[in-house]
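Take a look at the structure below.
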Protein chains: 2
Amino acid sequence: MLKRVLVKHVLGATEAMDTVLVEGWVRSRRDAKDFSFLDFTDGSCLTGLQVIVPGELPDYSSWINQCGTGASVRIQGSLIPSQGQGQRWELQAASVEVIGKADATYPLQKKRHSPEFMREIAHLRPRSNLFGSVFRVRSRLAQAVHRFFTERDFYYIHTPIITASDCEGAGELFRVTTLDPSKKIDSSADFFGKPTYLTVSGQLAAETFACALSNVYTFGPTFRAENSNTTRHASEFWMIEPEMAFCDLGGDMDLAEAFVKDLIRDTLETSAEEMAFFDRFVDKGLLERLQWVLDRSFERVAYHDAVEILLQSGQSFEYPLQHGLNLQSEHERYLTETHFKCPITVYNYPKAIKPFYMRANDDGETVAAMDVLVPGIGEIVGGSQREERLEVLESHLKAHDLSAEDYSWYVDLRRFGSVPHSGFGMGFERMLMFLTGVSNIRDVIPFARTPGHADF
Amino acid sequence: MLKRVLVKHVLGATEAMDTVLVEGWVRSRRDAKDFSFLDFTDGSCLTGLQVIVPGELPDYSSWINQCGTGASVRIQGSLIPSQGQGQRWELQAASVEVIGKADATYPLQKKRHSPEFMREIAHLRPRSNLFGSVFRVRSRLAQAVHRFFTERDFYYIHTPIITASDCEGAGELFRVTTLDPSKKIDSSADFFGKPTYLTVSGQLAAETFACALSNVYTFGPTFRAENSNTTRHASEFWMIEPEMAFCDLGGDMDLAEAFVKDLIRDTLETSAEEMAFFDRFVDKGLLERLQWVLDRSFERVAYHDAVEILLQSGQSFEYPLQHGLNLQSEHERYLTETHFKCPITVYNYPKAIKPFYMRANDDGETVAAMDVLVPGIGEIVGGSQREERLEVLESHLKAHDLSAEDYSWYVDLRRFGSVPHSGFGMGFERMLMFLTGVSNIRDVIPFARTPGHADF
């Protein structure tokens, strides 16, 4: 029995083939006088396979009309050099079998659809050129993440999704429960014997493993129950969080900058076809912007100096800035796009605007935090050196009104063989948006969860 | 400045080195007359680095007592051929700096600890030989999963964690909510406008992507709110679920069997040191059992024939068996270990004990389901061909009392360009237990979640 060959391999053939079997879907059909053209895909790559269906095939007229957009077909034929422009091969069909029809009600007819409509048919949209490309790139980017860390002797850790601690008070939490929400029941009767939530970060758990295996990373789903309907926020998203023992803020910035560049380089190389498509149809200038980041070294600037630059820029910002405030996206973009004209890393942020676990600097004012900023997006990575001094950490917990008991296991890392250590977080979807130019986070997630939306 | 070298690279050195910098933790110290031995680790590998600390180092007597079990140290020295047995290299220290002390209260003193105690100090246990090994192997196994599917042109899909559907009625669900559980509030006021849960499987969502990209897989956390306290059940665990378009049950079994063997082979190769440790200290006979599976072809047997074999075996089982019932672990193990003496795949199960989405066989009695069974464990993979015929699927939904409206998106896959497709699920932790011989699932998960336990 003939074995199916994926279109990506058919198109990569080095010589003509007498008999090839392909199985997939018709993107569109064009009928000529005594034959038909099929644009055929199986989702393995962006480019479709051109298929010539000769009119002399048995019963041609009885089934050719079923080979419409969306129909699934099995085609056997010979691969021959293409007569057409822009393609090397075409398939001369010897037999065509319709597997599953798609009638005129098929929502993905060959025409332009709005992003909103495509979100309503999120179960069908990966069959489109755009979303097929997004999710192939998403898959390759995930592999690149694992390759990057494995090459550098990092171990991958699955930190818990259900947690009883709220980590850093990083935002609103989803409650996880088996109690009937229509009844009033004490949480000690709940499944885990206490209130539990969906994690907002695996960092604290990752720290325990860095303090044992040296270099580790997490890559898993994280959650925010914030009621914000923006193009950049989702309730469920994936995050990458490396954590390194015996690593200070300088080493942390080194790794983060190398990581950003590696992912750009990998995506340009492994997804050239999709990237050209995004550059042409989604975000003109995308490839140039990515190459711009690749070609330049990251400049590093202390938060204090960055704020000075912004204050003296003469720019009028929507959010006025002063020392001690968080940088907004517009400030970040001004710094990287206009002032430095290169990707930058801002470090040493004011203590007051950062979480309890960041390492206090000697100036008494700042902590060893850093953010990596890129054009078009602003912050793409945020990280810090962690406070490894027992007494300092304990005083931070107190200052943040956090219970020493709840964090006793975390504090233990400073009690027994404490080491300087650092890490950072990168939002996987945000990186994917930066790489593809897709501007709405709902369109880079298979089935996005946002306030009011948990469909499919 | 000298750069830190990981112990795994130090031990792999091909020649002696004048100056090496290592940073990590003391496992134990032994004092001789005018020098000390340190057993030193940084978690990068199982084997420790032997360090000789000469008594003539400056102020030796003032700090050597701080180099006890658990202390973190920075050591510079020269790598020289070892005098001792069973090791190639040792480090002759030229300077030793204590970074973080660990006093006598350090819970991981060098002695045997019970598994229960180790679970109480889950934040420290990865520093031990056993748990360091488990989590290094866990990390490599995750990489092997991604490699296996990438080599075969599968795309990795992140299916949703929060879901409004209960998939297959696969068990008890955790509710995800932002409502105050102490108040009685209607669920239409909840964050997503309806009741939502933690996913029990990504399969249905993966099917939508297989029907677009052909070969896909998920690898993510899944959840069961079952109140069962066994050594094999956790409330949160990771699952791998491939899904293939244009693939029937035979192709599904082919892939599952190849997958099991590939993961065994990969682990034996990439984790030889840890595997020898498990074979010696955790599960004598482990390597032999794994090799046994590797060396044998999988036999395939229909459920009906498997039950006949069991009924005629003369064995007395704890759970008596008859046609139409699920196989229990004892039955599965008898089949693979005693009767067939090889790994086996049981297929064509009774329709009545399987979920609605499995493809009905022509006999009207069975569905195209399959389970892969291995010695010591029983079922390690479960899968099926999916029902791709619109009318048959709709009748299954009705028979299972499921709402056609809730599943309309799933049914759409059969309405538009439907294709035969198949897939399976493998519990990542169960595979890890099979590979390491560790018998309690709590001990292969960084921070396990079980009824009453959501600590750290």
The protein assembly as shown pair-distance distribution - Cα-Cα, 20 Å bins, rounded %:
13, 43, 35, 9, 0
What distance in nm separates the two pseudo spin-label positions at B:V411 and A:W63, each 7 Å out from Cα along the beta-carbon direction?
2.8
Mind listing the long-range amide H neighbours of A:V438? Cut-off is under 5 Å, sequence gap 5 or more, other chains count too, H placed in the peptide plane at 1.01 Å from N.
none
With a ≥ b ≥ c the root eigenvalues of the C-alpha gyration tensor of chain B, is it rounded (a/c under 1.5), prolate (a/b larger than b/c) or oblate?
prolate
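At a Förster distance of 60 Å, what's the computed FRET efficiency of B:E318 paired with A:I309, Cβ-Cβ distance as r, to 0.05? Walk me through the intermediate numbers first.
Working: r = 75 Å, r/R0 = 1.24.
Calculated transfer efficiency: 0.20.
Calculate, for B:S78 and A:A302, the FRET efficiency according to 1/(1 + (r/R0)^6) with r their C-beta to C-beta distance and R0 41 Å; round to the nearest 0.05. All intermediate terms of the calculation are to be shown ahead of the outcome.
Details: r = 39 Å, r/R0 = 0.95.
Efficiency, from the Cβ-Cβ distance: 0.55.
Would you mind ranking B:C67, B:C342 by Cβ crowding within 10 Å, fewest neighbours first? Intermediate values should be presented prior to the final figure.
Values: B:C67 24, B:C342 18.
The fewest-first ordering by Cβ neighbours comes to B:C342, B:C67.
Partner chain Cβ atoms within 10 Å, averaged over the residues of A:145-152 - can you pull that number for me? List each step's numbers first, then the result.
Values: counts 1, 8, 4, 0, 2, 6, 0, 1.
Going residue by residue through A:145-152 and averaging, the value is 3.
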Among all the lysines, which ones have a C-alpha under 21 Å from B:K354's C-alpha, if same-chain residues fewer than 8 places away are not counted?
B:K398
Tilt relative to chain A, helix A:390-399 - C-alpha long axis, 0 to 90 degrees, to 10
80
Can you list the HN-Hα couplings for the range A:354-365, worked out from phi with the Karplus curve (6.51, -1.76, 1.60; θ = phi - 60°), rounded to whole Hz and with x for Gly and Pro?
10, x, 5, 8, 7, 6, 6, 7, 5, 6, x, 10
What's the angle, to the nearest 10 degrees (0 to 90), between helix B:129-151's Cα axis and the longest principal axis of chain B?
50
Would you grab the residues whose amide H sits under 5 Å from the one on A:L325? Only those 5+ places off in sequence or on another chain, please, with H modelled 1.01 Å from N.
none
Taking the range B:299-329, which GluC sites (Glu not before Pro) meet the DSSP loop condition and have no more than 12 other C-beta atoms within 10 Å?
B:E318
Step through the residues of the range B:292-297 one at a time and calculate ³J(HN,Hα) from phi using the Karplus curve (6.51 cos²θ - 1.76 cosθ + 1.60, θ = phi - 60°), rounding each to whole Hz and writing x for Gly and Pro.
4, 5, 4, 7, 10, 6
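Across peptide A:20-26, what mean number of C-beta atoms from other chains lies inside 10 Å of a residue's C-beta?
On the way: counts 0, 1, 1, 6, 6, 7, 1.
Mean partner-chain Cβ count within 10 Å for A:20-26: 3.
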Can you give me the long-range amide H partners of A:L6? Hydrogens built in the peptide plane at 1.01 Å from N, cutoff under 5 Å, separation of 5 or more residues or another chain.
none
Between the range A:90-134 and the range A:61-79, what's the alpha-carbon centroid distance in Å?
14
Where does helix A:272-281 land angle-wise versus the long Cα axis of chain A, in degrees 0 to 90, nearest 10?
90
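Other chains near B:207-219: what is the mean number of their Cβ atoms within 10 Å of each residue's Cβ? If you can, show how the numbers build up before the last one.
Working: counts 1, 9, 9, 2, 8, 15, 12, 11, 4, 5, 1, 1, 1.
For this peptide, the per-residue mean of nearby foreign Cβ atoms is 6.
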Distance in nm between pseudo-label sites at B:D34 and A:E394 (7 Å out along the Cβ direction from Cα):
4.2
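Are there trypsin sites (Lys or Arg not before Pro) in the range B:1-87 that DSSP marks as loop and that have at most 11 other Cβ atoms within 10 Å, and which are they? Could you put the intermediate results ahead of the total?
Working: sites: B:K3, B:R4, B:K8, B:R27, B:R29, B:R30, B:K33, B:R74; in loops: B:K3, B:K33.
Within the range B:1-87, the qualifying trypsin sites (Lys or Arg not before Pro) (loop, at most 11 other Cβ atoms within 10 Å) are B:K3, B:K33.
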Between the range A:268-329 and the range B:323-394, the alpha-carbon center distance in angstrom
54
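What 222 nm value per residue comes from the helices of chain A, counting each DSSP H run with n ≥ 4 as -39,500 (n - 2.57) and dividing by all residues, nearest 500 deg cm²/dmol? Spell out each step's value before the answer.
Numbers: 13 runs with 132 residues, N = 456.
For chain A, the value works out to -8500 deg cm²/dmol.
Bear in mind that the values in this text are calculations on the coordinates, not laboratory data. What you are looking at is a predicted structure, and each value in this text was computed from that prediction instead of being measured. Don't worry about glycine lacking a Cβ; one is built from the backbone with ideal geometry, like all the others, and counts go over all protein chains shown.
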